[in-house]
Structure formats: C-alpha cells, structure tokens
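The values are calculated or read from the model by the stated rules, or taken from the named source; none is laboratory data. Every value quoted in this text rests on a predicted model; they were computed, and no experiment measured them. When we count neighbours, we look across all protein chains shown, and the Cβ atoms used for this are built from the backbone with ideal geometry, even at glycine.
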Amino acid sequence: MKDVINKIKEAFKNSKIIVSIHADRRMKERNFTLKEIMESVDSFEIIEKYEKDSPFPSFLILAKTKKERYFHMVVAYNEKDKEAILITVYEPSLKEWKENFKTRRKK
C-alpha cells in the first residue's frame, strides 16, 4: 500500500483536488497559483501529521516551486474518494522555522 504522501501526490497529478475557500483566499493574498503548486508536486514532503483532524486526517507539507520558492500547505486526504483538500498555503517564516523549513524553532 502506498504511503499517504504518494496518495496526495497522485490526487494532485490527477486533478482530484478540492481548494477550500480559505486556501483560495490565501493563495490570492500570497501570490500563489494552483498551477505553480501543481508543478511542485514532486517536491511534496510531509513534515507534520494531524491524523486526528476531522473529517479527514491532514498534513503539513513542505514544497518548492520551480522558481525555488519554498512554501507550506496543509492538505487533508479523503481516502474514500482519493481526493486532496487544500486547506491553506503560506511561505514559512524563518522566525518560526529553521532554515530547512521542516523544523519549528523553539519558543
């Protein structure tokens, strides 16, 4: 059985994505396009898991655009329908994240 990151990548590659209203607003505010997110699929890496989220488990994913712009996105995965739900997208801040954008800084 494929791990969840491969399932999420497959959902994106097959355009089985639901973009939440919140994610759509944040993408516009932060100058992200769905096209550049789609082109970043091969770079997707889960850095945190929120498996108790409801109605579907969600994941914090680190990705990088073709122009080397790193970003985080929270994606829920609907196993039954094989769909990825894009919840939000943002550029990680070095105030909160270490240089690898995978590790949170201690407060």
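Data overview
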read-out: So Phe59, is it within 30 Å of Lys107 (Cβ to Cβ) and of a type in the set (Phe, Trp, Tyr); value: yes
read-out: Any chance Lys49 is at pLDDT below 95, out of contact with any Ser or Thr (no Cβ under 7 Å at 6 or more places or on another chain) and not small (Gly, Ala, Ser); value: no
read-out: Members of the range 68-99 found to be in a loop (DSSP other than H, G, I, E, B) and either on the phi > 0 side of the Ramachandran plot or among the β-branched types (Val, Ile, Thr) (or both), listed by number; value: Glu68, Lys82
read-out: Hits in the range 1-57 - residues which are of a type in the set (Gly, Ala, Ser) and not in a helix (DSSP H, G or I); value: Ser15, Ser20, Ser40, Ser54
